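The structure appears below as structure tokens.
The values are calculated or read from the model by the stated rules, or taken from the named source; none is laboratory data. These numbers come from a predicted model, not from an experiment. Here Cβ is always computed from backbone atoms with ideal geometry, including for glycine, and neighbour counts include all displayed protein chains.
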Amino acid sequence: MLAVAQGDSPEKRRALYAALRKSTLILATPGAPADGKTHISDGNTQIRFIANTDNTGKVALLAFTSEAALLAWRPVGCTYTALPATAVFSLAVEQQMDSIVINPRGPTGGFLTRREILALAEGWDPSEEKQSISKGTKVLIAPPAIPPSEEFLAALRTRSQAMPTVRGLYLVTGTIGDGEPHYLVGVELGPGANPDVIIPALLQAVQPMIGEGEYLDFIPLRENTVSADIRARGLRVV
């Protein structure tokens, strides 16, 4: 975080995300046993944590990188629980936090936006537009939970009709890793099609209809289980 604070860059930002994914974070947890011990969650224990509002008035989860950082925020101290950062990201998604504020009183701190939290919970680098789903990542596919607007569907159809190598579009609700359910569009491509050209064009067509705090994924369909689920359960758009 210090390196980013001294001068942000894509390389420093990627290094920060990688370090965060491997780190342990501390949450102030009132109600935890006050026995003088550091409590490390096993991921199954329900905990109470402290949330606040960020400088925009949105709900933020407070997290700390060390006991010293927690004491800088609350000098009298308090009970706290240490969690893998990945569990903190998942908790923030589950509890609908808009951001995570890290080390609010320093010595070095910062914050993660809702978009960054969602990407990190799914195991992705938020700085990358193109992502790969790692082998073994849990992916749940279901029919669209909420029907999309006709405007949204029409924009996808219109753009895809201008690209003959798009053979089909399937809209589903997808949950990747510990992320939250969201729209995912499976793209059936013909021979010679380049997904790195087609998918950004499709995204551009519907970008104005994606609200704040919402996001949308596109995935080129292959011959695998996830793609088969998308074909079987998806709303056929094209």
Study note, to complete from the structure: Counting only residues that are closer than 15 Å to Arg14 by Cα and aliphatic (A, V, I, L, M), the stretch 113-127 contains a total of 3
Study note, to complete from the structure: Going through the stretch 112-123 in order, the residues found to be in a strand (DSSP E or B) and surrounded by fewer than 18 Cβ atoms within 10 Å (Cβ to Cβ) are Thr113
Point to revise | Residue in the stretch 216-234 that is nearest to the chain's Cα centre (by Cα), counting only those that are crowded, with 16+ Cβ neighbours inside 10 Å and not charged (D, E, K, R) | key: Leu216
**Study point:** Candidate set from the stretch 20-75 (those that are aromatic (Phe, Trp, Tyr) and outside any helix (DSSP H, G or I)); member that is modelled with the lowest pLDDT
**Key:** Phe49
Point to revise | Hits in the stretch 9-28 (condition: loosely packed, with under 12 Cβ neighbours inside 10 Å and more than 19 Å from the chain's Cα centre (by Cα)) | key: Ser9, Glu11
Exercise for review: Being in contact with a helix residue (DSSP H, G or I) (Cβ under 9 Å, 6 or more places away or on another chain), at positive phi, of a type outside the set (Asp, Glu) and in contact (Cβ under 8 Å) with a residue 40 or more places away in the chain narrows it down to one of Gly177, Gly186, so name that one.
Suggested key: Gly177
Exercise for review: Go through the stretch 145-238 and tell me which strands (runs of 3 or more DSSP E), entirely inside it, have 2 or more residues that are touching an Asp or Glu at 6+ places or on another chain (Cβ under 8 Å), closer than 30 Å to Gln96 by Cα and not assigned by TED's automatic domain parsing to the domain that holds Val88.
Suggested key: 166-176, 182-189
Review point. Before we move on, is Ile117 within 24 Å of Val237 (Cβ to Cβ) and aliphatic (A, V, I, L, M)?
Key: no
